[in-house]
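Participant: Pasting a structure below so you can have a look.
What follows is calculated from the coordinates using simple rules that are stated; it is not laboratory data. These numbers were taken from a predicted model, which means no experiment stands behind them. We place every Cβ from the backbone using ideal geometry, glycine too, and count neighbours over all the protein chains shown.
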Amino acid sequence: MDDIDFRSVIEYMKLVKIYREHPKDKCVKMILREYASDETRLDQLRCEYFEHLKQVNDDFPFDHDIELKRRVFTRSGEPVATRLAKDIFNIIAVTESGDFSLLREMLSTGKHGDGNKPLSRILLLLKNVSVRRNFQY
């Protein structure tokens with residue numbers, strides 16, 4: 001496994017650690033600070049972690065072709081980066097707790113993807129690295 005792939009696993013585990021140690025509001029702020037509110041990177045992580053979640057859960061209660069809503073700027077709403085960080089928090093929360101209801105507000109009700117997406121990079125990495133759910137940091 002190359003260094004970039006290993007860094008992705010470390011990055012994911014770091015976010016899980018933040019999730020486990022802090023309440024939601026503080027966790028979201030820490031995610032925003034960690035990625036300097038970089039909307040592109042936050043959206044990339046959000047999509048990657050969501051695809052991973054769909055692929056590793058046999059009991060995923062939604063259509064596997066379902067996609068995430070696009071997060072766009074609105075004058076009256078909160079910043080896009082904040083919404084993306086909250087989505088990342090919720091995806092990690094679902095991964096940890098299995099409460100899929102946390103995903104409802106971030107799922108697109110429009111058209112679905114083609115269903116032929118490759119395995120997520122995180123899933124491929126975790127298949128190569130023995131990471132137990134109760135890993136101690």
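Participant: Under the condition of being exposed (fewer than 13 other Cβ atoms within 10 Å of the Cβ) and of a type outside the set (S, T, N, Q), which residue from the stretch 65-82 is farthest from the chain's Cα centre (by Cα)?
Facilitator: Arg75
Participant: Would you say Asp38 is loosely packed, with under 15 Cβ neighbours inside 10 Å, acidic (Asp, Glu) and over 13 Å from Leu84 (Cβ atoms)?
Facilitator: Against the criterion (loosely packed, with under 15 Cβ neighbours inside 10 Å, acidic (Asp, Glu) and over 13 Å from Leu84 (Cβ atoms)), Asp38 does not qualify.
Residue-wise test of (1) in contact with a helix residue (DSSP H, G or I) (Cβ under 6 Å, 6 or more places away or on another chain); (2) of a type in the set (D, E, K, R).
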{"residue": "Tyr19", "(1), (2)": "yes, no"}
{"residue": "Ala36", "(1), (2)": "no, no"}
{"residue": "Lys54", "(1), (2)": "no, yes"}
{"residue": "Ile66", "(1), (2)": "no, no"}
{"residue": "Val80", "(1), (2)": "yes, no"}
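Participant: Could you list, ordered by first residue, the pairs with Cβ atoms under 8 Å in which the first is in the stretch 85-100 and farther than 15 Å from Leu32 by Cβ and the second is small (Gly, Ala, Ser) and surrounded by 14 or more Cβ atoms within 10 Å (Cβ to Cβ), at least 6 apart or interchain?
Facilitator: Cβ pairs passing all conditions: Asp99/Ala93.
Participant: While we're on this one: If you check Cys27, Cys47, which single one turns out to be part of a helix (DSSP H, G or I) and closer than 15 Å to Ala93 by Cβ?
Facilitator: Cys27
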